[in-house]
Structures are given as structure tokens and as C-alpha cells.
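A.B. asks: Take a look at the following structure, please.
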Amino acid sequence: MSKPRAPREKRALRAPLVADTGGLLRALACDDHGRPTWPAFAQALEEATAVLVPDLVLAEVDYFLRSERAGMRRLVADILDPASTYELVMSDPVDLVRALHIDARFHSLQLGLVDSLVCAVAERRDTMRVLTTDVRDFSVVRIGARYDRGLTLVP
């Protein structure tokens with residue numbers, strides 16, 4: 001379940017990305033033999049120079065892994081490991097307010113706080129790549145002061 005750590009020189013690194021719940025869950029999913037269930041998602045996670053994990057995304061992942069506590073503990077350990085590419089992004093009041101603005105702007109999508117926070121973090125950190133399964137919503141959302149910047153959906 002935890003992200004393998006290949007040496008940096010042996011993998012092609014790409015730009016950082018922000019992890020959404022569904023994308024992170026798919027990237028971490030493995031079959032009984034330890035092979036990635038969703039190889040494209042796992043590869044995107046491996047190749048990112050940084051994986052930004054908003055704290056509310058981590059809370060949602062925990063909900064989905066409530067019957068896999070060992071896996072969740074490994075994920076948290078990986079996120080907190082300074083040698084990993086993960087970075088836990090704590091929500092601050094500015095992020096939460098911006099997330100609410102994005103949610104209101106795209107109210108017809110019914111994004112909710114977590115997806116809107118993913119957008120707010122992407123905007124603040126100038127990281128347009130989002131690891132997600134939610135193509136319907138994230139392909140429509142625009143961020144930036146004029147709502148003119150689209151997100152790049154990964155994989």
C-alpha cells in the first residue's frame with residue numbers, strides 16, 4: 001500500500017502535483033502480489049517531484065481505509081518522512097476561504113470543501129497538476145484571480 005521509493009536517478013521526475021482523494025487511493029492500491037492495481041496512477045505518484053497532500057484529503061483517505069489501519073499508518077509514516085516526496089499541506093484560514101469562493105463560483109458542480117480545497121492549494125502553490133479520478137469536476141474548474149487557469153489532470 002505504501003509508495004515505493006525508487007532512487008531519484010532511476011526515475012524520470014515530473015512537476016509536483018496535488019493529490020485528490022480518489023487519485024491517491026488509486027495510486028496506492030495494490031493487488032495480492034504487491035503490483036499496482038492502477039499503474040498509471042502509481043507511476044504519476046512516483047514521478048512527481050513533490051506530492052502535496054491537503055490535510056482534508058488525508059482525512060478522506062483515512063475514512064476509505066478505515067478497515068486497513070496498517071496501510072493508513074504506512075501512508076502517514078511516508079507522508080511525514082522527510083526523505084519522501086510527500087508534503088502534508090495544512091489548511092489555513094486563507095485556503096479555507098478561497099476553497100469556499102471556488103465552491104461558490106462553481107456551485108453547479110457541487111464540489112464541496114475537500115475538492116475546492118484541492119483547487120485552492122493548487123492555486124496557492126502554483127501547482128496545476130492534480131492526481132484525481134474526478135475528471136468531470138476538475139476538468140471544468142478554473143483557478144487564479146480571474147478564474148482563467150485550468151488544471152492538468154493526472155494521469
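The values are calculated or read from the model by the stated rules, or taken from the named source; none is laboratory data. Remember, predicted model here, so these are calculated numbers, not experimental data. Neighbour counts are summed over all protein chains in view; Cβ atoms, including those assigned to glycine, are modelled from backbone coordinates with ideal geometry. Surface areas here come from the heavy atoms of the whole protein model, side chains and all, with no ligands, DNA or RNA. Shrake-Rupley method; radii C 1.70, N 1.55, O 1.52, S 1.80 Å.
A.B. asks: Would you grab the residues whose amide H sits under 5 Å from the one on VAL18? Only those 5+ places off in sequence or on another chain, please, with H modelled 1.01 Å from N.
C.D. replies: LEU52, ARG129, VAL130, LEU131
A.B. asks: Separate question: Using only DSSP helix segments of four residues or longer, with each worth -39500 (n - 2.57), what per-residue ellipticity at 222 nm results for the chain after dividing by its residue count and rounding to 500?
C.D. replies: Estimated from H runs of four or more residues: -13000 deg cm²/dmol.
A.B. asks: Taking 0.36 nm per residue of sequence separation and subtracting the Cα-Cα distance, how much length would be gained by fully extending the chain between ASP81 and ALA29, in nm to one decimal?
C.D. replies: Numbers: separation 52, 0.36 × 52 = 18.72 nm, distance 1.99 nm.
Between ASP81 and ALA29, full extension yields an extra 16.7 nm.
A.B. asks: Please list, by residue number, everything in region 68-95 whose backbone N is under 16 Å from a paramagnetic label point 7 Å out along Cα→Cβ of ASP126.
C.D. replies: none
A.B. asks: Give the carbon-plus-sulfur fraction of the accessible surface of the chain in %, rounded to a whole number; probe 1.4 Å, heavy atoms of protein chains only.
C.D. replies: Of all accessible area on the chain, carbon and sulfur atoms account for 55 percent.
A.B. asks: Give me a comma-separated list of calculated 3J(HN,Hα) values for region 118-124, in order, Karplus coefficients 6.51, -1.76, 1.60 applied at θ = phi - 60°, integers in Hz, x for any Gly or Pro.
C.D. replies: 4, 5, 5, 5, 4, 5, 4
A.B. asks: Compute the FRET efficiency between HIS107 and ASP62 as 1/(1 + (r/R0)^6), taking r as their Cβ-Cβ distance and R0 = 30 Å, and round to the nearest 0.05.
C.D. replies: With a Förster radius of 30 Å, E is 0.65.
A.B. asks: At a threshold of 8 angstrom on Cα-Cα distance, excluding pairs fewer than six apart, so keeping six or more, what relative contact order does region 39-139 reach in percent?
C.D. replies: The value is 27 percent.
A.B. asks: Could you do me a favour and compute the accessible area per residue for the chain, 1.4 Å probe, result in Å²?
C.D. replies: Roughly 52 Å² per residue, with all protein chains present.
A.B. asks: Right, something else. What FRET efficiency comes out for ALA145 versus THR37 if R0 is 35 angstrom and r is the Cβ-Cβ distance? Round to the nearest 0.05.
C.D. replies: Numbers: r = 39 Å, r/R0 = 1.11.
With R0 = 35 Å, the Cβ-Cβ based efficiency is 0.35.
A.B. asks: Give the value in nm², to one decimal: projected area of the alpha carbon convex hull of region 77-141, averaged over all directions. Let's see the in-between values first.
C.D. replies: Values: hull surface 19.6 nm².
Mean projected area for region 77-141: 4.9 nm², to one decimal.
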